[in-house]
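Heads up: the structure comes next, in structure tokens.
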Amino acid sequence: MTRVNPDDGTSTPAPGPSAGAPRTQPSHGAPVPPGAPRVLISGASVAGPALAYWLCRYGFRVTVVERAPALRAGGQAVDLRGPALDVAARTGVLDLLREHATGVRGMSVLDRDGNETQRTTDATATGGRLDRDDLEVLRDDLSRILVDAGGQDVEYLFDDSIARIEECPGHVRVGFAGGAERTFDIVVGADGVHSHTRSLVFGPEHRYLRRLGGCVGVWTAPNFLGLDRWQIAYETGDDDAWGALVTSVRKNTELRVHVGLNRLEGELPRAREDRKRLLAERYADAGWELPRLLSHMWEAPDFHCDIGAQIHLRSWSRGRVVLLGDAAYCGSPASGQGSSMALVGAYVLAGALRAAPGDPRAAFDAYERELRGWVTANQALAERHMDGAGVDDHFYSVVDGFTVRDH
Ligand SMILES: Cc1cc2nc3c(=O)[nH]c(=O)nc-3n(C[C@H](O)[C@H](O)[C@H](O)COP(=O)(O)OP(=O)(O)OC[C@H]3O[C@@H](n4cnc5c(N)ncnc54)[C@H](O)[C@@H]3O)c2cc1C
């Protein structure tokens, strides 16, 4: 993983969880030919690094630009199911992901006073049924593993982002916020539900974003509850500030705390500290251990809070720019399928570009033709979930309803 100085072409190790780790050889051997198509991907979470891996493998020259100064920490455990497990296996990371799986064994439901009202080892609120092969892994572990899989062939530019995109005949001219200007054959927006690439090329977010209720805050706390690979669903009984999901992760050394609001008056505050204040105020009367969990929120370096929302676009591409993952078809945390859709989408888009490397229009059409039906069905799971449906047979028939093809 390198950071290239666009002014003089020198490179230094990029900051990130693996920065400085010795790497003896690039992951896929052969050097990338100088004439290979150049792809810029915006966003280094799940969709971006997954696409970078496949495009590098197919001989493209890949640059990923990430706004954060390093790979971002945080996020709940995310789930890989059905076709996403197939893609993870083809990417060569499935075993490593299984080593990092949360391994949660079951869950307890607590009432407002902290009394256990239910205990099960059949399913958890975040992971679904435990008798399946599904994989639950922290979002930041998944991201780091995908970045590492890409090896040194992928150029990462941290602490920067796309400021301008100008489509020219046969290429795209990109101006970076850091001042550099470069030319690419294709630009991919994998920069999440609030995608800046989408705003630049497709227009303002409000045209594509569909709100689904309130917001979710996630952060890390020490495992002072002594949970052993266990999840607690604390239910306040309040329709709005409904409670928390607390899960022991990273070999029980940490808790990931997930607190939600079903309703928001107006917009979510922009500043991170104001978002914390909002959650603290709305949960000021909560019982059990929530006050202590909230006290850890103030110092948590990985606090993340966002609205529940989906993205719907008529087309995921325009000219030589294409969207991927949450930027194109966010399902919201309520779908439980965001990372699976990102991983499968990355594989499908890479395969389509490989089949038509000089014809982005044909590649983007093929990508959308293959993926759209499945992601639309997955997005519909979120509304079903919010109407009270659990992870039932219908849920699994949808998430498993995509067959990964060889490219
Ligand atoms: C910190 C974090 C925590 C999350 N927590 C949860 C969670 O608890 N539950 C859940 O269901 N989903 C969560 N998500 C979303 C989840 O990761 C996605 O739904 C899913 O994995 C698809 O990923 P994605 O790569 O398409 O988008 P995302 O995971 O949203 O990644 C987008 C990436 O683009 C980067 N980015 C944003 N703007 C720019 C820009 N202008 N220029 C360059 N880079 C930019 C972001 O920093 C991020 O790294 C979280 C995402 C992040 C980034």
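Among the helices (runs of 4 or more DSSP H) confined to segment 30-106, the ones with at least 2 residues that are under 30 Å from Glu181 (Cβ atoms), more than 15 Å from the ligand (Cβ to nearest atom) and at pLDDT 95 or above are located at 47-57. Going by what's in this entry, would Gly331 be described as within 10 Å of the ligand (Cβ to nearest atom) and within 30 Å of Asp86 (Cα to Cα)? The answer is yes for Gly331.
Scoring Tyr234 on the criteria (1) away from the ligand (no atom under 14 Å from the Cβ); (2) within 23 Å of the chain's Cα centre (by Cα); (3) in contact (Cβ under 8 Å) with a residue 12 or more places away in the chain leaves a single failure, condition (2). Scanning segment 113-168 for residues that are crowded, with 17+ Cβ neighbours inside 10 Å, among the hydroxyl-bearing types (Ser, Thr, Tyr) and not in a strand (DSSP E or B) gives Thr126, Ser143, Ser161.
Of the residues making up segment 171-213, just one is modelled with pLDDT under 95 and of a type in the set (Gly, Ala, Ser), namely Gly213.
In segment 202-214, the residues that are closer than 17 Å to Leu324 by Cα form Cβ pairs under 8 Å with partners that are assigned to a helix (DSSP H, G or I), at six or more places apart or across chains, as follows: Glu205/Arg198; Glu205/Ser199; Tyr208/Arg198; Tyr208/Phe202.
For the criterion of being surrounded by 22 or more Cβ atoms within 10 Å (Cβ to Cβ) and not assigned by TED's automatic domain parsing to the domain that holds Cys56, Thr247 passes. Checking the stated criteria, Trp242 turns out to be under 24 Å from Gly75 (Cα atoms), among the hydrophobic types (A, V, I, L, M, F, W, C), surrounded by fewer than 20 Cβ atoms within 10 Å (Cβ to Cβ) and touching a strand residue (DSSP E or B) at 6+ places or on another chain (Cβ under 7 Å).
I'd like the full set of residues that are in a helix (DSSP H, G or I), surrounded by fewer than 21 Cβ atoms within 10 Å (Cβ to Cβ) and more than 9 Å from the ligand (Cβ to nearest atom), limited to segment 169-198. Selection gives nothing.
Here the helices (runs of 4 or more DSSP H) wholly within segment 259-378 that include at least 1 residues being among the aromatic types (Phe, Trp, Tyr), surrounded by 14 or more Cβ atoms within 10 Å (Cβ to Cβ) and outside the structural domain of Asp86 (by TED's automatic domain parsing) are 326-329, 338-355. Do we find a residue being surrounded by 24 or more Cβ atoms within 10 Å (Cβ to Cβ) and among the polar types (S, T, N, Q) anywhere in segment 89-112? Within segment 89-112, one or more residues are surrounded by 24 or more Cβ atoms within 10 Å (Cβ to Cβ) and among the polar types (S, T, N, Q).
The values are calculated or read from the model by the stated rules, or taken from the named source; none is laboratory data. Here the structure is a predicted model, which means the values were calculated and not measured. Quick reminder, even Gly has a Cβ in these numbers, built from the backbone with ideal geometry, and neighbours come from all protein chains shown.
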